[in-house]
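The values are calculated or read from the model by the stated rules, or taken from the named source; none is laboratory data. Note that this is a predicted model, so its numbers are computed, not measured. Quick reminder, even Gly has a Cβ in these numbers, built from the backbone with ideal geometry, and neighbours come from all protein chains shown.
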Amino acid sequence: MKKIQYILGVLALSAAVSSCVGDLNVTPIDPNANTVDKVLTDKASLDRYISGVYLGFATSGYYGPNGGASISGLDGGASQYIRGLYHLQELTTDESVCGWNDQTIKNFHYMNWTTDDTFIYAFYSRILMQVASANEFIREVKKVDFDAALQKRYIDEARAMRAIAYYHAIDCFGNVPFATDEDIVGVNPPQISRTDLFAWLEGELKGIIENGALPERSAVEAGHIGMGAVKFLLAKLYLNAKVYTGTDRFADCAAVLKDLMDDGYSLHTTPNGSTFSAYQDLFCADNDRCTDEIIFAVQQDGLYTQSYGATNYIIFASTGGQMDAFSMGISSGWGGLRTTPEFYHKFSASDARNLFYTATQQEDIEDIGEFSHGVAFMKFRNVNSVDGDVPNKAWNEEDAKWAGPSFVNTDFPMMRYADVLLMAAECQVRGAAVPGAIDGFNAVRARAGLAAIANPSLQDILDERGRELYQECWRRSDLIRFGQFTSGYNWQWKGETKDGRDVDSYRELFPIPDSDRLANSNLAQNPGY
Amino acid sequence: MDANMSIAGRLGTNLPYRISTGVIRQQGTLKGSEMDRLTLGLNLSPTFFDNHLTVNVNGKGTYALNWYANQGAIGAANHYDPTKPVYNDVPGANLNGYTTWYDAAGSINTMATVNPVALLDSRRDMADAYRFIGNTQFDYKIHGFEDLRLNLNLGIDWAKSIGETTNKQGTEASFHNTTESGLGSHTDYDYLRRNTTLEFYGDYSHTFAEKHFVDLMAGYSWQHFWSNSHSKSYRLGDNLNLGDTEGKGELYLVSFFGRANYSFADRYLITATLRADGTSRFQNNKWGVFPSVALGWNIKNEPFMLNVEPVSTLKLRLSWGETGQQEVGGYYETFAQFLSINTPGSYYFVNGGNYTAPIVALGYSANLKWETTTTYNAGMDFGFWHDRLTTSVDVYKRDTRDILNYIPVPGLSNLTNYLNTNIGSMTNKGVEVDVNAVLAETRDLSWTFGVNGAYNKNTVTKLTASDENATGIETGGISGGTGNNVQMIQIGYPMRTFYLYEQVYDQAGNPINGVYVDRNDDGQITADDRYLGHHADADWTFGFNTALNWKNWTAALSGHASLGNWVYNNVASDTEMLADLWTNQFVSNRVASAPKSMFSQAQYLSDYYLQDGSFLKLDNFTLGYTFPKLFEVSQDRPFSLNVFGTVQNICTFTKYTGIDPEIFGGIDGTVYPRPRVFILGVKANF
């Protein structure tokens, strides 16, 4: 009897042991973070997944504005995509200074940034994160089968987002690590030369256009990328080809622009309401209405898509001093961004785009840290164009007045039709004909209330671009293309001197950040650093 | 206040029991933080079958009510303008009368430091915590074969806490919070944890021919860790949903182990062990196998030593063995995980009132594996004069391979920029010496003194996560700025070696703002001028303790010391820059050392902030008196009373200028001093 008990005991024990070893084969039980087979299950999950790739342009992380920055080791706000783009494209130019003491933030305007600059590292990491995120999307969505047409379209949207990130990479950093959806996670990527990246981007964008999966203008859903954005990006690539590869491609640029000008986009010339001009509508809280002109925008929403970057940064950082925060549609300003007198003087008083706060400001920037030095921006606002109201405003009992919200509804217009017209005029002036280009150029001027110029010079084009597109993150590229970035044109505090001075031309490219060169020995530093 | 009571006794002949209970009320240093805890413990240890089966049942339950104070008040107190009163004197003022910073336009300055007292007052955070720890152990000696023992141990650790946090409406802190905008918020959260273990082993021991002692043991263990947490927040003013999160995970650990001991005549000892450990954390490398062998020679028991009078103990020990480490990060780091976002603010495709809750792909390390340490150890134990003086000396070498660490990963190689990874190998070499002496031992007086010292040298020998010719791996993140790292892991250097710029000083010996030594003489200051300098971990550590008993008096003192540990003073580097004294229209208080450096801008990467953290600490002093027999409870049951006073954390001798140089990892961000504790206690026995 006892023996039987022992045998049973041993049997029970060995059964327990083998099941225990089997326990080691787990799969995640977290309902919110799981493997792809449990997450990507139907068409609705495809929508959710593609929105996650878009989210990379819009917020810092996954748990609201404060929590879970998707790039660790860096302040959530400072690592946001559009904020990083603003740092590199605007703070380095005559358009914008930032007066904060945030570490090395002033070095952008001084043009003396170093290879270990954390703001540069933040934007660099953000670009690469966006590429990685699109690569993963393409890899995974190729494997499933819920809706072939939609999958094809979403894969092309992800390719277009990857191309946007690589475009910013070729423009700012030139020679960057390179990987596509063909590569696997966990391998150090090789470095691609600026010229090779240009060729890849050109092929990729043409491929998306030929593929035909993206919708034309009228069929683009809110927030999504359509074919217009891909053509826009290809035009930008050709426009700057000489900078990227040494060979100009204005003829190719003109061809793409001609095509894009037939796609049904138009200048937004009729105001949505009575408070703001048509131009201002494009930068208001409800600028998602302006689908006539805005080709692609990064969404923001006061309740659902919040960040300390993107337009939230632009509006809050531009507001300060004695400015009335509520009239800008926000709770209170961060008091950082102003413009230089050189840039401000490009505007005539009658220009509808002359949207600056001057009352308690002085034009001259004696002290970059003092908000009242330099006129302040009032271009982007969190106020509805339709009725002049502030979305998500709250009645403050104690002060007995309305208070603006902490997060804005204003989307960041990354690609606009006005830019298409200005690019076309530039091609025309540079000898690559685009029919109707000069009329388009003058239509942009006319909307601003300026007289036509029959034969614009290159300087006229550059100045018009500045007036039309300021704070939209194109200025550095434009100045480089026109040879006025490191030398040929100076503005206050360029080169860390009051009246500005020339700096070395190698600063037309940003350095590959030290941190990444430490981690990946495939990466050579850009010349000059 | 802390009170404990225990009762021990025996039911019948073979059911000993022990019941203990305790209540504790602890108030934190911050106003409003408090813990009230009630503990109830039961222990039963019955024996059956003529002492062949021993059962040991332990159960301990606790209930605690925790009130948490807003920890942000510590940092705020450090930065707040010390010349401002806590309350403003404007009658009927806003924000509950607390002094508040406003900007030029008259709005609350949301970039300013929040009034620390207002901060404490603005939050209510409390949780009920329940915990049960139980285990039952069966130990059975086989009838008729008593040398074989079977042991089964079942254990559970269950914990649950339910809490709620309220950020009050209309407070300064709530106006500073961008998602609340002054409307306040309420969060309900709960956390449930259940850890279970099962361990079974058989042990056979027998002494053959009076000289050959053999002990063989084999067994396995199974552990399961499971937890689930929820949190749900909404804004108070308008009930806006601020997020609804859930986290859930589990980990399994399974081990098989065996041990063989053999000793001959209590002179020659050999022990060999082998264990196979499995973890569900590393899905693609679950198992690690870790052997060890140890040899001992008890020289004192050799016939030729028996009569060597002053020597009472003499042992030689040699060992080699491997151990594994799998405790790193979360439970699912080897899985490609996709996060379903559930927080308003991180939604997309917002169109009217519609939105999409995104899914995002997270970074992962598919090939994580066990970190393995191989230790070689040689030691000698000495005892003299009936062990009134004992000494042990050990020399060791520990080689660790596949070190687990959280490091930056190359851009575009993964879906994040930081990951837990196996990064390479390192070696630790060292010596440990331990001396204990009984200086006096009489009927009324005893005095013991113990001291130990250790030397350790750590060197990174191989890096696999980054390329061979890379400079190393950045580590040692600091607060202040974004993404600053002050240490480097590099081959040939200790793990936590500081990697900073060399500060240049003026003739008066004061540091010059932003001026560094051009160490590579290329005419400019670039990242290549940073150098690998001092390291964070101590070269030498020492400890001592002494106890003196005289009649009914007892006194004891202990302390420890450390040499060669360097500390980066992050508090100073983050609060000295003068540019922030007045910025964005508020005063931000600077630390007292600011006038010495006079840095206008933060110089996070200056070695000016790296200081020698060597120290000597007196840790604990106790003085007590025992009344052995105040009265008799009953016959042979005296009521004794012990009265004692203790001081903990008595004093620190160091050149370090921060609060406390004893910082693991060498980066000091402490603004909250370790408290010096005075305890008066009474223990009664009856």
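Quick notes on this structure:
- Enumeration of residues in the range B:491-510 that are buried (at least 20 other Cβ atoms within 10 Å of the Cβ) and β-branched (V, I, T): B:T497
- Total residues in the range A:77-91, condition assigned to a loop (DSSP other than H, G, I, E, B) and modelled with pLDDT of 95 or more: 2
Results for (1) in contact with a Cys (Cβ under 6 Å, 6 or more places away or on another chain); (2) surrounded by 23 or more Cβ atoms within 10 Å (Cβ to Cβ); (3) modelled with pLDDT of 95 or more; (4) more than 27 Å from A:Y124 (Cα to Cα), shown as yes or no for each residue.
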residue: A:R430; (1), (2), (3), (4): no, no, yes, yes
residue: A:A452; (1), (2), (3), (4): no, no, yes, yes
residue: A:E472; (1), (2), (3), (4): no, yes, yes, no
residue: A:L509; (1), (2), (3), (4): no, no, yes, no
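- Check on A:F283, within 17 Å of the chain's Cα centre (by Cα), over 25 Å from A:N396 (Cβ atoms), touching a residue at least 60 places away in the same chain (Cβ under 8 Å) and assigned to a loop (DSSP other than H, G, I, E, B): yes
- Counted residues, the range A:370-403 - those being within 12 Å of chain B (Cβ to nearest Cβ) and either buried (at least 18 other Cβ atoms within 10 Å of the Cβ) or farther than 24 Å from A:G336 by Cα (or both): 14
- Options B:A527, B:A508; residue that is more than 14 Å from chain A (Cβ to nearest Cβ) and free of Cβ contacts under 8 Å to residues at least 12 places away in the same chain: B:A508
- Where strands (runs of 3 or more DSSP E) fall wholly inside the range B:577-686, the ranges with 1 or more residues that are at pLDDT 95 or above are B:610-612, B:615-634, B:637-654.
Residue by residue, here is whether (1) of a type in the set (A, V, I, L, M, F, W, C); (2) within 14 Å of chain B (Cβ to nearest Cβ); (3) surrounded by fewer than 19 Cβ atoms within 10 Å (Cβ to Cβ) holds:
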position	(1), (2), (3)
A:T247	no, no, yes
A:F250	yes, no, no
A:T291	no, yes, yes
A:I295	yes, no, no
A:Q306	no, yes, no
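- Selection from the range A:129-186 of residues that are of a type in the set (G, A, S) and closer than 23 Å to A:A519 by Cβ: A:A132, A:S133, A:A134, A:A165, A:A169, A:G174, A:A179, A:G186
- The number of residues in the range A:359-371 being at pLDDT below 95 and either assigned to a strand (DSSP E or B) or among the aliphatic types (A, V, I, L, M) (or both) comes to 2.
- Residue in the range A:435-444 that is crowded, with 22+ Cβ neighbours inside 10 Å and within 14 Å of chain B (Cβ to nearest Cβ) present: no
- Only listed residue being part of a strand (DSSP E or B) and surrounded by 16 or more Cβ atoms within 10 Å (Cβ to Cβ), chosen from B:A64, B:A8: B:A64
- Cβ-Cβ under 6 Å pairs, at least 6 apart or on other chains, the range A:76-88 side more than 17 Å from B:N484 (Cβ to Cβ), far side assigned to a loop (DSSP other than H, G, I, E, B) and hydrophobic (A, V, I, L, M, F, W, C): A:L85/A:C473; A:Y86/A:C473
- Among the residues of the range A:309-333, those identified as closer than 27 Å to A:F232 by Cβ and either of a type in the set (S, T, N, Q) or at the interface with chain B (Cβ under 10 Å from one of its Cβ atoms) (or both) are A:T311, A:N312, A:S318.
Every residue, every condition in (1) modelled with pLDDT of 95 or more; (2) within 28 Å of A:Y110 (Cβ to Cβ); (3) under 25 Å from the mean Cα position of the chain (by Cα); (4) not basic (K, R), yes or no:
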residue	(1), (2), (3), (4)
A:F380	yes, yes, yes, yes
A:A394	no, no, no, yes
A:W402	no, no, no, yes
A:D411	yes, no, yes, yes
A:A425	yes, no, yes, yes
A:A446	yes, no, no, yes
A:L458	yes, yes, no, yes
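- The set of residues in the range A:8-67 that are of a type in the set (F, W, Y) and either surrounded by fewer than 21 Cβ atoms within 10 Å (Cβ to Cβ) or at pLDDT below 95 (or both) comprises A:Y62, A:Y63.
- Listed conditions (1) away from chain A (no Cβ under 14 Å); (2) aliphatic (A, V, I, L, M); (3) crowded, with 17+ Cβ neighbours inside 10 Å are all met by B:I650, apart from (3).
- Among the conditions (1) at pLDDT 95 or above; (2) within 26 Å of A:G186 (Cβ to Cβ); (3) more than 11 Å from every other protein chain (Cβ to nearest Cβ), the only one that A:R153 does not satisfy is (2).
- Residue in the range B:249-257 that is under 30 Å from A:T305 (Cα atoms), facing chain A (nearest Cβ under 8 Å) and at pLDDT 90 or above present: yes
- Single unsatisfied condition, B:T136 versus (1) among the polar types (S, T, N, Q); (2) surrounded by fewer than 17 Cβ atoms within 10 Å (Cβ to Cβ); (3) within 14 Å of chain A (Cβ to nearest Cβ): (3)
- Candidates in the range A:326-353 are the residues that are touching a Ser or Thr at 6+ places or on another chain (Cβ under 7 Å) and farther than 18 Å from B:G106 by Cα; of these, the one that is surrounded by the fewest Cβ atoms within 10 Å (Cβ to Cβ) is A:A352.
- A:N101 modelled with pLDDT of 95 or more and either within 12 Å of another protein chain (Cβ to nearest Cβ) or over 24 Å from A:K43 (Cα atoms) (or both): no
- In this entry, A:T114 passes the filter for residues that are in contact (Cβ under 8 Å) with a residue 24 or more places away in the chain and surrounded by fewer than 24 Cβ atoms within 10 Å (Cβ to Cβ).
- Sole exception among (1) within 21 Å of B:L154 (Cβ to Cβ); (2) in a loop (DSSP other than H, G, I, E, B) for B:Y17, by number: (2)
- Flag if A:A352 is out of contact with any strand residue (DSSP E or B) (no Cβ under 6 Å at 6 or more places or on another chain) and not hydroxyl-bearing (S, T, Y): yes
- Enumeration of residues in the range A:185-198 that are in contact (Cβ under 8 Å) with a residue 24 or more places away in the chain and either at positive phi or more than 14 Å from every other protein chain (Cβ to nearest Cβ) (or both): A:R194, A:T195, A:F198
- Strands (runs of 3 or more DSSP E) wholly inside the range A:372-482 that include at least 1 residues being more than 30 Å from B:T110 (Cβ to Cβ): A:412-416
- Residues (of a type in the set (S, T, Y), in a strand (DSSP E or B) and within 30 Å of B:T334 (Cβ to Cβ)) located in the range B:265-309: B:T273, B:T279, B:S292
- When residues in the range B:149-199 are screened for being within 13 Å of chain A (Cβ to nearest Cβ), hydrophobic (A, V, I, L, M, F, W, C) and within 30 Å of B:T99 (Cα to Cα), 2 of them pass.
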